[in-house]
1. By the gyration tensor of its Cα atoms, with a ≥ b ≥ c the square roots of the eigenvalues, what is the shape of the stretch 290-358: rounded for a/c under 1.5, prolate for a/b over b/c, or oblate?
2. Could you go through the stretch 45-60 in sequence order and give the Karplus-derived ³J(HN,Hα) for each residue, using 6.51 cos²θ - 1.76 cosθ + 1.60 with θ = phi - 60°, rounded to whole Hz, and x for Gly and Pro?
3. Under a Cβ-Cβ cut-off of 15 Å, what is the net charge of the residues other than Arg274 that fall near it, where Lys and Arg count +1 and Asp and Glu count -1?
4. Shape verdict for the stretch 87-223, please, from the Cα gyration tensor: rounded (a/c under 1.5), prolate (a/b greater than b/c) or oblate.
5. Does the stretch 364-423 come out rounded, prolate or oblate, given a ≥ b ≥ c as the square roots of the eigenvalues of its C-alpha gyration tensor, rounded meaning a/c under 1.5 and, failing that, prolate meaning a/b above b/c?
6. Would you mind putting 32-40, 413-421, 253-261 in packing order, based on average other-beta-carbon counts within 10 Å, highest first?
7. Report ³J(HN,Hα) in whole Hz for each residue of the stretch 280-291, in order, from the Karplus equation J = 6.51 cos²θ - 1.76 cosθ + 1.60 where θ = phi - 60°; Gly and Pro get x.
8. Counting Lys and Arg as +1 and Asp and Glu as -1, what is the net charge of the other residues whose Cβ lies under 11 Å from the Cβ of Arg12?
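The values are calculated or read from the model by the stated rules, or taken from the named source; none is laboratory data. Just so you know, these numbers come straight off a predicted model, no measurement behind them. Positions of Cβ are generated from backbone atoms using ideal geometry, with glycine treated the same way; all protein chains shown enter the neighbour counts. Areas reflect the complete protein model, heavy atoms only, side chains present, ligands, DNA and RNA absent. Shrake-Rupley method; radii C 1.70, N 1.55, O 1.52, S 1.80 Å.
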Amino acid sequence: MAQRAGPAGFTRQPVEHAHDLACDGVSLASIAAAEGTPIYVYSARTLRDRYREIDGAFAGYPHALHYALKANSTLAIARLLRELGSAVDANSVWEIEVARRAGFEPSQIVFTGVGKSPDELERAVAMGLKAINVESAGELARIEAIAARLGHVARVAVRFNPDIDAKSHPHISTGLKINKFGVPLDDARALAQTLPGRPALKLVAVHVHVGSQITSLDPLRRAAAVAADFSIDLREQGLPLEYIDLGGGLGVSYDGAGVPAVSDYVSALVGEVRRTSLPIVLEPGRAIAAPAGVLVARVIDVKPRTASSHFVIIDAGMTELIRPALYNAFHRIEPVSGPEAGDCQYEIVGPVCESSDVVGRDRRLPRLAAGDLVAIRDAGAYGSVMASNYNRRPLPAEVLVDDGTWRVIRRRQTVDDQLVLET
Ligand SMILES: Cc1ncc(COP(=O)(O)O)c(C=O)c1O
């Protein structure tokens, strides 16, 4: 549907009603009127800007961005990233399938994941990916057996666990020894040393990822320094690498608090890795996709909660966006029309039969009434991908706004879609 082009991202501007929230100049209210709610709306311009900002920050240092599909793997978004020149990080064979259908070549895919099944490994080895990021000695042995049987040489990267605290939410911190991810550094060294005698395997990189939504550069820089040291040791032992994979993890500002600038983040990583002369692979997910999406929902009901606050029950909840219920994550919530802030105290909750189905606690907003639209901001990453059918709720529709036009990139699921799998 064509509309005039406007400013990038999600802005308030006079559309039909004064100060409606718009996406790249297209009114969110008009999209909700046409397609219903709950609905994810993505800004193509923001996706491009975020990708290009990270890419450009390398300022000529050799690198490859492997967008982390786990953040948002809707086909149209994967395609958009491919057109920008991105490669991908896939976390399951099903994400690999989506990547292939989005047009990515096997040589553009790295495969991570702490528990890759034998079937997944078989398909990954047969495909000949850029690398399988290996999480244990056992997994390496399984890859080797498959590759030897198929007569292939599997390209592998060892994911080491640096025992670094990312100081993120415990559910999304991955770099501590007590976390299930990767191989402890000493074991990773020992594992790498076995590679020369294993002709079905080629060690191409070391890999580290210490967590997600990291808001301080220190853990990211320290992990990069360890990766650089490790790769130099390996080269001295006759194991030259092709690149260093530093994972993803850069946080975004959900609440307006400061987060590291992309340029500082990339300079910190390049500063640590430059002495190796190796290209850097990065796997950013959230930093690209989160600010590019909102979840638009409609108010179903408003009812008293305490003497001074009300519940606002909306038609989106933990089934569409589980982050608040799962991590106590904060997302800004604004009315789509009218001013963004006000004096009413609200507990914004979803319709699901769980008391944890709270989308926003203790919010101060203008007066809301049944039928009003609200936008849940920065929901482009780890939103739609984590949606579920709990309570038989259908997966929401998704819309991409691009250059003043919008289109449905995933239609709303129906009960028939759900039941087609059942007898
Ligand atoms: C191995 C790996 N790479 C990349 C990412 C993407 O992280 P983020 O979305 O924080 O950039 C993740 C997510 O946790 C991951 O586990």
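1. Oblate shape, in that a/c is at least 1.5 and b/c is the bigger or equal ratio.
2. These are the phi-based 3J(HN,Hα) values: 5, 5, 4, 5, 4, 5, 4, 5, 5, 5, 4, x, 5, 6, 6, x Hz.
3. Net local charge, Arg274 excluded: +1.
4. oblate
5. oblate
6. Top to bottom by mean Cβ count within 10 Å: 32-40, 253-261, 413-421.
7. 9, 9, 10, 10, x, x, 4, 5, 8, 8, 4, x
8. -3
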